[in-house]
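Engineer: So that we are looking at the same thing, I have put the structure below in structure tokens.
What follows is calculated from the coordinates using simple rules that are stated; it is not laboratory data. Bear in mind that the values here come from a model prediction, so they are computed numbers and not experimental data. Every residue, glycine among them, receives a Cβ derived from its backbone with ideal geometry; neighbour counts consider all protein chains shown.
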Amino acid sequence: MSQLDRQLFNEVMVPNYAPAEIIPVRGEGSRIWDQQGRDYLDLACGIAVTGLGHCHPLLVKAIAEQSQKLWHISNVMTNEPALKLAKRLTELTFAERVFFCNSGSEANEAAFKLARRWGNNQSPEKNEIISFYNGFHGRTLFTVSVGGQEKYTKGFEPLPGNITHLPYNDLETLADHISDKTCAVVLEPVQGEGGVTPATEAFLKGVRALCEKHHALMIFDEVQTGNGRSGALFAYMEMGVTPDILTTAKGLGGGFPVGAMLTTAKLAETLAFGTHGSTYGGNPLACAVAGAALEEIARPETLANVRARGVQLRQGLEQIGRRYGLFGEVRGLGLLLGAPLAEAWKGRAKDVVSAGLKQGVWLLVAGPDVLRFAPALNISEADLAEALRRLDAACAELAGSAGAAVA
Ligand SMILES: *Cc1c(COP(=O)(O)O)cnc(C)c1O
């Protein structure tokens, strides 16, 4: 067996990723350790997934217990963990029906298929899907086409048709374009991958009203904003707008792959017997872990920590931004924050991530120009303070070397 190092990646894996040099082997709470035993504070959570930190005892217990009972049964039969999780999701949200799958892309694929089928049932012309530039909805051909970033669809043509992209937070353009031929309007309450850009409340309320007027479905993609990340269980809850369909994944399983599409009883009828499916969807192992995660996330103490640590992180970032001039504004909700880089640093988000790793802190990018922070919902004040100290050191080093290069 050859050495399990970064070089081996290039030799055995498809090159669609460019992973960092370090290889993590262990995690606990908001820390991970690499093969050399170095620790990193985690402000990334595997892209907003491990919302309760690494190896949370309740999740370890849930997966260990379920692993002794039943792993997989398929949807030829239902199972207790799936029933329990669906029951809780309907109790805790607007939804009355749940469809389970394994990822955010699949949750959106189900939502878009539901919308198309629902529209086709009304009239043969009602099949337009409206979405927004810089939106991200997944990487299957349908979801990547609904997403509003050309770089992700380039070369994969022909793409699914009748999808219209409009500017985000621009109600007037939407009002000009939407019609009775629109079957759904799809958006993220905070655009995550596209730059951590929150929707304005006026925009969301306006979209809701336009959807009513034209009898179109409003779909909230809460794959990234959901499961406590915004400071509420789902972001829609604090925005005064309720969607017809909500999709989620990422934080739902706390690190175990699981996704869900939530909707009303009436709309759920659109996906009648045999119209859609998934072999693994609603898998007992996934649903047992997600069930344990959901109870922990929905606790008022967890959500209160998201809000408190969100303020701590925002203030810490603003200080670092002022000190080194790398970034100014900090935007986002709860523990999903973004810092757009200052003009002189544009395009260098990846360099900041590399500098952070050198100092022992892991953060994310949202495109080339924005730093993205998505720490665990239960990160402690002390861990977050230490992460900010390490980020400060990383920015000091970058700013210093930039200074040196100019001098
Ligand atoms: C990550 C993400 C997806 C895709 O989820 P996968 O699990 O990678 O398929 C979809 N929508 C949003 C908003 C996301 O952040």
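Engineer: Express in whole angstrom the spacing between the alpha-carbon centres of region 333-365 and region 273-297.
Structural biologist: Between the Cα centres of region 333-365 and region 273-297 lies a distance of 33 Å.
Engineer: Can you give the angle from 0 to 90° between the axis of helix 104-122 and the longest principal axis of the chain, with both taken from C-alpha atoms, to the nearest 10?
Structural biologist: Taking the Cα atoms of the chain, the angle to 104-122 is about 20 degrees.
Engineer: Fully extended, how many nm does the chain gain between GLU381 and THR275 (0.36 nm per residue separation, minus their Cα-Cα distance)?
Structural biologist: Stretched fully, the GLU381-THR275 segment lengthens by 33.4 nm.
Engineer: Sort THR50, THR140, THR270 so that the residue with the fewest other Cβ atoms within 10 Å of its own Cβ comes first and the one with the most comes last.
Structural biologist: Listed from fewest to most nearby Cβ atoms, that is THR140, THR270, THR50.
Engineer: If one computes the Cα centroid of region 135-166 and of region 50-116, what distance in Å separates the two points?
Structural biologist: If you average the Cα positions of each part, the centres end up 26 Å apart.
Engineer: For ILE47 and GLU96, FRET efficiency with R0 = 30 Å and r from the beta-carbon atoms, rounded to 0.05? Can you show the working numbers first?
Structural biologist: Values: r = 30 Å, r/R0 = 0.99.
Calculated value: 0.50.
Engineer: So what's the projected area for region 228-338, the Cα convex hull averaged over all directions, in nm²?
Structural biologist: So the mean shadow area of the Cα hull is 9.2 nm².
Engineer: Given H placed 1.01 Å from N in the peptide plane, which residues other than close sequence neighbours of LEU217 have an amide H under 5 Å from its amide H?
Structural biologist: Under 5 Å from the amide H of LEU217: ALA184, VAL185.
Engineer: Now for a separate question. Using θ = phi - 60° and the Karplus relation 6.51 cos²θ - 1.76 cosθ + 1.60, list the HN-Hα couplings for region 349-354 in order, rounded to whole Hz, with x at every Gly or Pro.
Structural biologist: Computed from phi, the couplings for region 349-354 are 4, 5, 5, 5, 4, 4 Hz.
Engineer: Run through the DSSP bridge list for region 57-297 and note the antiparallel percent, rounded to the nearest 5.
Structural biologist: Bridges in region 57-297 that DSSP calls antiparallel: roughly 40 percent.
Engineer: Give me, ordered by chain and number, the residues 5 or more places off LEU341 or on other chains with an amide H under 5 Å from its own placed amide H.
Structural biologist: Here the answer is VAL370, LEU371, since their amide H atoms fall under 5 Å of that of LEU341.
Engineer: State the percent of C-alpha pairs, over all pairs in region 57-297, separated by a distance greater than 33 angstrom.
Structural biologist: Distances greater than 33 Å cover 15 percent of the Cα pairs.
Engineer: Still on this structure, I have one more. How long is the gain from MET13 to GLN122 if the chain were fully straight, where each residue apart is worth 0.36 nm and the alpha carbon distance is subtracted? List each step's numbers first, then the result.
Structural biologist: Numbers: separation 109, 0.36 × 109 = 39.24 nm, distance 4.58 nm.
The span from MET13 to GLN122 would gain 34.7 nm if fully extended.
Engineer: A follow-up question, please. Determine how many Å³ per residue the convex hull of the Cα atoms of region 174-268 encloses. Write down the numbers at each step before the final one.
Structural biologist: Working: hull volume 10.5 nm³, N = 95.
Roughly 110 Å³ of hull volume per residue.
Engineer: Based on DSSP H runs of at least 4 residues, each adding -39500 (n - 2.57), what is the mean residue ellipticity at 222 nm of the chain after dividing by all its residues, to the nearest 500 deg cm²/dmol?
Structural biologist: Numbers: 13 runs with 161 residues, N = 407.
Counting only the DSSP helices, I get -12500 deg cm²/dmol.
Engineer: PRE reach from ILE73 (point 7 Å along Cα→Cβ): which of region 274-317 fall under 15 Å by backbone N?
Structural biologist: Flagged as within label range: 280-289.
Engineer: Quick one: pull the percentage of alpha-carbon pairs in region 1-42 with a separation above 15 Å.
Structural biologist: Of all Cα-Cα distances in region 1-42, 49 percent exceed 15 Å.
Engineer: Under 14 Å from the 7 Å Cα→Cβ point of SER179, by amide nitrogen: which residues of region 190-221?
Structural biologist: 214
Engineer: Now a separate question. Among MET239, MET261, which comes first, second and so on when ranked by fewest other beta-carbon atoms within 10 Å?
Structural biologist: On the way: MET239 24, MET261 29.
So the ranking, lowest neighbour count to highest, is MET239, MET261.
Engineer: What percent does the relative contact order of the chain come to when contacts are Cα pairs within less than 8 Å and at least six residues apart?
Structural biologist: Relative contact order here is 21 percent.
Engineer: Further question: Could you give the alpha-carbon Rg of the chain over 2.2 N^0.38 Å, rounded to two decimals?
Structural biologist: After normalising by residue count via 2.2 N^0.38 Å, the value is 0.99.
Engineer: I'd like the FRET efficiency for ALA265 and ALA308, computed as 1/(1 + (r/R0)^6) with the beta carbon distance as r and R0 of 41 Å, rounded to 0.05. Spell out each step's value before the answer.
Structural biologist: On the way: r = 37 Å, r/R0 = 0.90.
After rounding to 0.05, the efficiency reads 0.65.
Engineer: Principal axis lengths of region 334-387 from Cα atoms, whole Å, largest first?
Structural biologist: If we take the Cα atoms of region 334-387, the spans are 33, 25, 14 Å.
Engineer: Whole-Hz Karplus ³J(HN,Hα) for region 83-99, in order, using 6.51 cos²θ - 1.76 cosθ + 1.60 and θ = phi - 60°, x for Gly and Pro?
Structural biologist: Along region 83-99, the couplings run 4, 4, 5, 4, 4, 5, 5, 6, 5, 8, 10, 5, 6, 10, 9, 10, 10 Hz.
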